[in-house]
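Here the structure comes first, spelled out in structure tokens, and everything after it is commentary.
The values are calculated or read from the model by the stated rules, or taken from the named source; none is laboratory data. Quick caveat: nothing in here was measured; it's all calculated off a predicted structure. Backbone-built Cβ (ideal geometry, glycine too); neighbour counts: all protein chains shown. When the accessible area is computed, the model is the full protein with side chains, heavy atoms only, and any ligands, DNA or RNA have been set aside. Shrake-Rupley method; radii C 1.70, N 1.55, O 1.52, S 1.80 Å.
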Number of protein chains: 2
Amino acid sequence: MGDLKHLVVAKFKEGVVVEEIIQEMEKLLKEIEAVKSFEWGQDTGSEEMLRQGFTHVFLLTFRSSEDFTAFLAHPRHVEFSASFSAAIEKILLLDYPAVVVKTPA
Amino acid sequence: MGDLKHLVVAKFKEGVVVEEIIQEMEKLLKEIEAVKSFEWGQDTGSEEMLRQGFTHVFLLTFRSSEDFTAFLAHPRHVEFSASFSAAIEKILLLDYPAVVVKTPA
């Protein structure tokens, strides 16, 4: 089985300093061993209707479901989740084993 | 600037043979030069409430916005989009330049 992906699509509440939250997230995920890779992005192109108001994508990769479980239970993740939840207006989460079809030539 | 990501989160209509659609998508994206990489996955872990009924994630990577524009206009993509749209119950699209924070050690 391939890597396990944890996808978070979010819209932040008005007035939230998104940069600070993302900085904290970057620091956290760099430090937690169980996280294999992490990237994020802010929507620049999609139409408002098609993105349903969501603005940010966070994509975490784990080597195994054990690593993912360890991450979810990690005290620093639990702590961060609480403050993250308070900052978002809406969120969408999907977890899936990645099927890699095409990689850069 | 990093790669450009095109994220599609979808829920298919009942009765749709999802495997066939994904097979066609894999074939298409492998062949279109402008697509740098492609992976997809079916949600296995997230709670129904948190994934809002969405089941599938498709993530395409492009080297540049020019490549992405070329892909969108590609006749085979236009053709596929029409049949794909007919098969889905709901969809979420986000386009973003990827900020890579952590890569595998």
Exercise for review: Restrict the check to the stretch B:70-77 and report whether at least one residue is open to solvent by 70 Å² or more (accessible area, probe 1.4 Å) and closer than 21 Å to A:GLU48 by Cα.
Suggested key: yes
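Quick check on this structure: which one of B:GLU48, B:GLU14, B:GLU19 is farther than 22 Å from A:ARG63 by Cα, at pLDDT below 95 and more than 7 Å from chain A (Cβ to nearest Cβ)?
B:GLU48
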Exercise for review: Tell me which of these A:ALA73 doesn't satisfy, since it passes every other one: (1) out of contact with any Phe, Trp or Tyr (no Cβ under 8 Å at 6 or more places or on another chain); (2) closer than 21 Å to A:VAL18 by Cα; (3) without any contact (Cβ under 8 Å) to a residue 12 or more places away in the chain; (4) not aromatic (Phe, Trp, Tyr).
Suggested key: (2)
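Scan B:GLU39, B:GLU89 and give me the residue that is assigned to a strand (DSSP E or B), more than 7 Å from chain A (Cβ to nearest Cβ), among the acidic types (Asp, Glu) and surrounded by 12 or more Cβ atoms within 10 Å (Cβ to Cβ).
B:GLU89
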Practice item. Identify, by number, the condition in (1) open to solvent by 10 Å² or more (accessible area, probe 1.4 Å); (2) free of Cβ contacts under 8 Å to residues at least 24 places away in the same chain; (3) closer than 21 Å to A:ASP95 by Cβ that A:THR44 doesn't meet. Key: (3)
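Answer yes if at least one residue in the stretch B:51-61 is at negative phi, part of a helix (DSSP H, G or I), open to solvent by less than 20 Å² (accessible area, probe 1.4 Å) and aromatic (Phe, Trp, Tyr), and no otherwise.
For the stretch B:51-61, residues at negative phi, part of a helix (DSSP H, G or I), open to solvent by less than 20 Å² (accessible area, probe 1.4 Å) and aromatic (Phe, Trp, Tyr): absent.
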Point to revise | Residue in the stretch A:51-66 that is nearest to the other protein chains (Cβ to nearest Cβ), counting only those that are within 20 Å of A:LYS90 (Cα to Cα) and β-branched (Val, Ile, Thr) | key: A:VAL57
